[in-house]
Amino acid sequence: MSTDLLILIQGREIAASRYRILQYIPYLDKHSVSCTVEEFPHSPGAYVSLLTMLPRYDCVFVQRKRFHFPFLSLFRRRARRVIYDLDDAVMFKNTLARSPYSKTRERRFRNMVRNSDIIIAGNSFLKEQACRHHPDVVVIPTSIPAYKYSLKDYAKTKERVTIGWIGDHGSIHYLERFKDIWDEIGRRFPGRVELKIICDTFFDCRHIPVRKAKWSQETEVEELMDIDIGVMPLVDDLWSWGKCGLKILQYFGAGVPAVCTPVGVNRDIVIHGKNGYWARTREEWADMLSMLVNDSKKRREMGLTGRKTLESGFTMEANAPHILSAILGGRWLCR
């Protein structure tokens, strides 16, 4: 018997949409889940249209966004079953805000969670937040399709060691905040290092060359295989604790070690000294990066360990059954 699933996303090119649900559609199709994908409504007519179509589906998968009252009440009356998936600390304001606290965000999050049947959280911090309002919350980590990622060619001779970062314009401010670190590495290793930014927005540094690679879904894996050290700098705040470590998983997919701020799920994915390094202070960042710049053997060893970490439970292949279980309303197969 087929299950009809309506998936509501922010956009097909949005990383959260792609990695949290869209990549699982072929697997769901094979297991008799018929998927219809719609973007969140942007007009009164679109909201009415959504309400009209809801009764046709057995389940609605809502990715990250929260509906306002009174629409949420109407939505819940017409939807048979609702799964709410979140991979960001949407109950708080982001790092750029003066204060992370928002009564409006907290209220909307609480209402959305209470009006859902099952909550899927991208990490344990988000699970804790959701459990304050709902008893049925499960962690399914953000995952990548392992089959699409090949290990980099460690034997390839390069003029410079490439420190790389991948992300979108909304998070590049984290990388830019650390410009002094990238410049310090450039001063320590003149002519031997470069910073590669895979994004749609860029910036320049004074003492380290910056390679600017325009992000595209078609070339991102190839661009990642060209880097030698992946970085994920963050600010230690409530918003960052909601991050789900996608960048690090992508680095590990290509067999690249990571240096990261040990916040949130980063602490679970990166094992300090094994597949990468934690760096809390500016001095630690410079020292951890310097160790990897100087040691190609260490980069290879850590990168291969990172690939094993990825395959231990952070792949699409591993988590597809858990997504299916949530949609079908079965008992949790995962943590």
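Brief remarks on what is shown
- Anisotropy class of segment 213-275 from Cα gyration tensor, a/c 1.5 cut: oblate
- Compared with the dominant Cα axis of the chain, that is its longest principal axis, helix 282-294 is turned about 70°.
- Residues considered: ALA279, ALA254, ALA121. Largest GNM mean-square fluctuation over the chain, using C-alpha springs under 10 Å, is found at ALA279.
- A protection proxy built from the mean count of other Cβ atoms within 10 Å ranks the segments 212-225, 176-189, most packed first, as 176-189, 212-225.
- Net lengthening on full extension, ARG80/ALA46 (0.36 nm per residue, minus Cα-Cα): 10.3 nm
- Prolate/oblate/rounded label for segment 144-220 (Cα gyration tensor, a/c 1.5): oblate
- Read-out semi-axes √(5λ) of the Cα gyration tensor in Å, derived from the coordinates shown; its label in (i) 33, 27, 17; (ii) 27, 25, 21; (iii) 38, 21, 17: (iii)
- Of the peptides 123-129, 152-158, the order by per-residue mean of other Cβ atoms within 10 Å, starting with the highest, comes out as 123-129, 152-158.
- Spatially close lysines, pair count over segment 146-311: Cα under 12 Å, gap of eight or more or interchain: 4
- With Cα atoms, 0 to 90° folded angle of helix 179-188 axis to the chain main axis: 30 degrees
- For the chain, relative contact order (Cα pairs under 8 Å, six or more residues apart, normalised by length) works out to 15 percent.
- Mean separation of Cα pairs under 8 Å and 6 or more residues apart, divided by the residue count, gives segment 146-311 a relative contact order of 23 percent.
- MRE, 222 nm, helices only [DSSP H, n ≥ 4, -39500 (n - 2.57), over the chain, to nearest 500]: -10500 deg cm²/dmol
- Close amide H partners of VAL139, meaning residues 5 or more places away or on another chain with modelled amide H under 5 Å apart, are ALA121.
- Each residue of segment 200-214 was assigned a 3J(HN,Hα) from its phi angle through the Karplus expression (A = 6.51, B = -1.76, C = 1.60, θ = phi - 60°), giving 10, 9, 9, 8, 10, 10, 7, 10, 9, x, 10, 9, 10, 10, 5 Hz with x at Gly and Pro.
- Distant-in-sequence amide H partners of GLY242 (H built 1.01 Å from N, under 5 Å): ALA89
- Three-way shape label, segment 86-176, alpha-carbon gyration tensor, a/c 1.5: oblate
- Separation of alpha-carbon centers, segment 50-102 and segment 117-158, rounded to whole Å: 19 Å
- Annotation: amide H-H contacts under 5 Å for LEU234 (H modelled 1.01 Å from N, sequence separation of 5 or more, or interchain): THR261.
- Using alpha-carbon coordinates, inclination of helix 296-311 to the longest axis of the chain, degrees: 10 degrees
- The GluC sites (Glu not before Pro) of segment 1-86 meeting both criteria, a DSSP state outside H, G, I, E and B (loop) and at most 16 other C-beta atoms within 10 angstrom of the site's C-beta, are GLU13.
- Segment 146-311: mean projected area of Cα convex hull, nm²: 8.5 nm²
- Look at the alpha carbon pairs under 8 Å that are at least 6 residues apart: their mean separation over the length of segment 233-313 gives a relative contact order of 34 percent.
- Choice from HIS322, HIS207, HIS42 showing the highest fluctuation, given a GNM over the chain with Cα pairs closer than 10 Å: HIS42
- Here the 3J(HN,Hα) profile of segment 4-17, calculated from phi with Karplus coefficients 6.51, -1.76 and 1.60 at θ = phi - 60°, is 8, 10, 9, 10, 10, 10, 7, x, 5, 8, 6, 4, 4, 5 Hz, Gly and Pro shown as x.
- Size of charge dipole - the chain - debye, nearest 20, with Cβ of Lys, Arg +1 and Asp, Glu -1, no other charges: 780 debye
We did not get these values from a lab; they are worked out from the coordinates using the rules stated. As the structure is a computational prediction, the values presented were derived from the model and not from experiment. Reconstructed Cβ throughout: ideal geometry from the backbone, glycine too, with neighbour counts over all protein chains shown.
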